[in-house]
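Peer 1: Quick one: structure below, then a few questions.
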Amino acid sequence: MSILKSLACAALAVASSVPAQIQAQQIPFIDTHNDVLSKQIRSGADLALLQKDLQFDLVKAGESHMAGQVFSIWCGEEFGVGTAFKRANQEIDSLYALAARNPGKMLMVRTAAGVEKAMKAGKFAALIGVEGGHMIEERMDYLDSLAARGMVYMTLTWNNSTSWATSARDEVTKKDSLPQLGLTDKGRAIIARMNELGVMVDVSHVGDQTFWDALAASTKPIIASHSSVYAIDPFRRNLKDEQLKALAAKGGVVFVNFYSGFLDSTYFPRQEKFLAVHKQELDSLTKLLGDGDEAVHALGNIYPVEMNALRPPLSLLIKHIDYMVKLIGADHVGIGADFDGAESYPLQMDDVRGYSLIVAELEKLGYSRGDIEKIAYKNFIRVLKANRG
Ligand SMILES: [Zn+2]
């Protein structure tokens, strides 16, 4: 069923007094950050099929009336010159291959018109976001190449700084040893080229100085593809009130991150205790899997009750969304859940099928359908259009 048809059905449902929650589920969502490709490239899982260990697949996306997803292209800081760009292209290849295998279900798009075309055709709109400037390996031609493959945003840094932009982690934990803070001239040239190419500047993960430098340098609205509110959870890469206001004043959009650690200031201390209790097991899992994050995830699967107890309530996620809306307006807030990229999300928010719960909660707070639609997908389309035409 096409999304437009399903909206028409929703309108009929109003007339036949179907419960509000079912009508609410009909609002389409476009999420701006999901890490499933970095997982999928290792496991080979077919995202067209239901995958119980993943939070995103096309089956779940269909059930939750998702209209589209910006897929994060990501590799860690162990990838560098000679490997990072190649890895990014392998992940992009796997997304194109998924689309080629499922032409009736999804469409690769890169513009607002493309998203709208996919929605009208009832197909899932797939877009590409590159999470970390290290993947262009300091080369302008690599930036051009990723843009030519459809990159709609580039996160200037991941947790690791580049030679031209400093990250939130590094600005906080190794401020004194950094050669510079914020953007260099090369960084400003990269932003100018991104503006020319219509690649959105994404400031999730960047340090405060890089944020302000990027906002000043960009001639187009910028985004934070997966960032939450510092005033509620003062984690280093959440956005402070003055940052939220300044980004919105330039027409940008902040897409709220669902990771428990970025929503709940008590999460990391509580998680640390849990990990300390199971330290031996964690160490052996880390050795076995060769990746600390995956080991934490695996440990969570072994102790689901304890892991579940660490999750904040859904209301805390809603609090972040509502705080931003009150501060900067419903035109500047969206959803970038970071699914398949972290080990914990709020209760009930188990996978992409949870988006409808957000609709129901915002309705309870008195949000209009128009404002919920902006948050769910319209703000993304607007900011994409502002950058790419
Ligand atoms: Zn991230």
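Just so it is clear, none of the values below were taken in a lab; they were calculated from the coordinates. Remember, it's a predicted structure, so these values are computed and weren't measured experimentally. Positions of Cβ are backbone-derived with ideal geometry, glycine not excepted, and every protein chain shown enters the neighbour counts.
Peer 1: Report the Stokes-Einstein translational diffusion coefficient (µm² s⁻¹, integer) for segment 64-146, Rh taken as the Kirkwood radius over Cα pairs, at 37 °C with viscosity 0.692 mPa s.
Peer 2: It comes out at roughly 240 µm²/s.
Peer 1: Next question. For LYS287, which lysines qualify as cross-link partners when the Cα separation must be under 17 Å and same-chain residues fewer than eight apart are set aside?
Peer 2: Within the straight-line limit of under 17 Å, LYS287 reaches these lysines: LYS279.
Peer 1: Related question: Would you kindly give the portion of the calculated P(r) for segment 325-389 that falls above 17 Å, as a percent of all Cα pairs?
Peer 2: Counting pairs separated by more than 17 Å, the tail of P(r) holds 49 percent.
Peer 1: By the scheme Lys and Arg +1, Asp and Glu -1, what is the net charge of all other residues having a beta-carbon under 10 Å from that of THR286?
Peer 2: For residues surrounding THR286, the net value is -4.
Peer 1: Within 12 Å, Cβ to Cβ, of LEU365, how many net charges do the neighbouring residues add up to if Lys/Arg are +1 and Asp/Glu are -1?
Peer 2: Net local charge, LEU365 excluded: -1.
Peer 1: Straight-line reach from LYS245: which aspartates and glutamates have Cα under 19 Å away, leaving out those fewer than 8 places along the same chain?
Peer 2: Candidates past the 8-residue exclusion: ASP202, ASP208, ASP213, ASP233, ASP322, ASP331, ASP371.
Peer 1: Beyond 28 Å, what share of the Cα-Cα pairs of the chain remains, rounded to the nearest whole percent?
Peer 2: 43
Peer 1: Given +1 on the Cβ of Lys and Arg, -1 on the Cβ of Asp and Glu, and no further charges, what dipole in debye does the chain carry about its Cα centre, rounded to the nearest 20?
Peer 2: About 1140 debye.
Peer 1: Fewest to most neighbouring Cβ within 10 Å: what's the order for LEU37, LEU310?
Peer 2: LEU310, LEU37
Peer 1: So what is log10(I(q)/I(0)) for segment 189-228 at q = 0.23, 0.26 1/Å, when the Debye sum runs over its Cα atoms only?
Peer 2: Debye curve over Cα of segment 189-228, log10 I(q)/I(0) at q = 0.23, 0.26 Å⁻¹: -0.70, -0.87.
Peer 1: Next question. Once you have the Kirkwood Rh of segment 265-311 from its Cα pairs, apply Stokes-Einstein at 10 °C and 1.306 mPa s and quote D in µm²/s.
Peer 2: Approximately 149 µm²/s, per Stokes-Einstein.
Peer 1: DSSP H helices in the chain with Cα extent of 24 Å or more along the helix axis and mean Kyte-Doolittle hydropathy at least 1.0?
Peer 2: Qualifying helices: none.
Peer 1: Given a cut-off of 30 Å, name the pairs among LYS175/LYS385; LYS39/LYS378; LYS52/LYS105; LYS39/LYS364; LYS39/LYS326 whose C-alpha atoms lie farther apart than that in the structure shown.
Peer 2: LYS175/LYS385; LYS39/LYS364; LYS39/LYS326
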